[in-house]
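The values are calculated or read from the model by the stated rules, or taken from the named source; none is laboratory data. Note that the structure is a prediction, hence the values are computed from the model and not measured. We place every Cβ from the backbone using ideal geometry, glycine too, and count neighbours over all the protein chains shown. Quick note on the areas: whole protein, heavy atoms, side chains included, nothing else; ligands and nucleic acids left out. Shrake-Rupley method; radii C 1.70, N 1.55, O 1.52, S 1.80 Å.
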Amino acid sequence: MSALSELCQEILVCPKCQALVENRTKVVPGEGAESADIMFIGEAPGWHEDQQGQPFVGPAGLFLNELITSIGLRREQVYITNVVKCHPPGNRDPLPVEIHTCRHWLDHQIELIRPKMIVTLGRYSMAMFFPGKNISKIHGTAHKQADIIYYAMYHPAAALHQQSLRQTIEADMLRIPSLLAEVETVTEVKQQSKQLNMFEV
Ligand code: URA
C-alpha cells in the first residue's frame, strides 16, 4: 500500500472533532493521482460527498469536472481534497478549531503528492495559503513558494449561486496550463545553467 493510501486509511478513522465524528456518514480524505501536478483544495465535504466518501461529487463537483476538462485533463489526473475531511452538520461552515485540527492531514497529503500547483477553491483554502487576502481581489493570481505555485480561485459552488461568476471561474481555470508551463520552462533553464556551471572553472 502506498504512503498516501495509508494516510487516507488513517484519515478515514480520525476521531478528533466530536461534532463531526457524530454527524458524519463517511470521511472524505480526497482522491486522484498520487503524483498529480495539480492539487485542488476545497472547503469541506457537502451532503453528497458525505454519502459517497468522495470529494466534489455533488453539483459543485460537476462544475469542477467541467473546469478540469476545459484544461485538457481528466479528474483522475489531478488530486482533489478539502481543508476539512468531514461534512459539517447542517452544512455549516467549518469552525476555526476544526480547520486547525484537520490541517496536519492536508499538510501530509501535500508532502506526499508534492504537486507543482495548489489551486485553492474558495475562501477557506485561500486563507491557508494567502493569509489576510480577499478572494475578490486575488482570484486568478498566483504566487510561488518552496517550489509550489499557489493559485487562488473562487469556489465552483459560487457559480451555482451567482451566475455572473461562472465566466470568471472558467477564465481563471484556463490560466492554469500556461502558469504550469512557465514554471517548467524556468526549472529547465535553471537545470541547464546548473549543468553549465559544473564545467566552469
Ligand atoms: N464543496 C467543497 O468544498 N468540497 C466538496 O468536496 C464538495 C463541495
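3J(HN,Hα) along the stretch 133-142: 8, 10, 4, 5, 8, 10, 4, x, 10, 10 Hz, from the Karplus curve 6.51 cos²θ - 1.76 cosθ + 1.60 with θ = phi - 60°, whole Hz, x for Gly and Pro. Residue ranges 55-64, 4-13, 79-88 sort as 79-88, 55-64, 4-13 when ordered by packing (mean number of other C-beta atoms within 10 Å per residue, highest first).
Accessible area per residue, 1.4 Å probe, Å², for the chain: what's the number?
Ligands and nucleic acids excluded, the figure is 54 Å² per residue.
Accessible surface of the chain, 1.4 Å probe: 53 percent of it comes from carbon and sulfur atoms.
Considering Cα pairs under 8 angstrom that are at least six residues apart, work out the relative contact order of the chain and quote it in whole percent.
Values: 312 pairs, mean separation 43.2, N = 201.
The normalised contact order for the chain reaches 22 percent.
For the stretch 57-63, the Karplus equation 6.51 cos²θ - 1.76 cosθ + 1.60, evaluated at θ = phi - 60°, returns couplings of 10, x, x, 5, x, 4, 5 Hz by residue, with Gly and Pro reported as x. With all projection directions averaged, the alpha carbon convex hull of the chain covers 13.0 nm².
Across the stretch 15-28, rounded Karplus estimates of 3J(HN,Hα) from the backbone phi angles (6.51 cos²θ - 1.76 cosθ + 1.60, θ = phi - 60°) give x, 6, 9, 4, 5, 6, 4, 5, 9, 6, 8, 10, 6, 10 Hz, Gly and Pro being marked x. With each label modelled as a point 7 angstrom along the Cα→C-beta vector, the Leu95-Asp147 pair spans 3.8 nm. Here's how it looks for Val78: its modeled amide H is under 5 Å from those of Ala33, which are all 5 or more places away or on a different chain.
Magnitude of the Cβ-charge dipole of the stretch 3-199, K/R +1 and D/E -1, about the Cα centre, nearest 20 debye? Please report the intermediate quantities before stating the final value.
On the way: 18 positive and 21 negative charges, 89 e Å.
That gives a dipole near 420 debye.
Full extension from Asn65 to Lys137: what is 0.36 nm times the residue separation minus their Cα-Cα distance, to one decimal in nm?
Separation in residues times 0.36 nm, less the Cα-Cα distance, equals 23.4 nm.
Highest average first, the peptides 36-48, 135-147 ordered by how many other beta carbon atoms sit within 10 Å of their residues are 36-48, 135-147. Between the beta carbons of Arg103 and Gln192, assuming R0 = 45 Å, the FRET efficiency works out to 0.75 to the nearest 0.05. Put the Cα centre of the stretch 2-54 next to the Cα centre of the stretch 150-169 and the gap is 23 Å.
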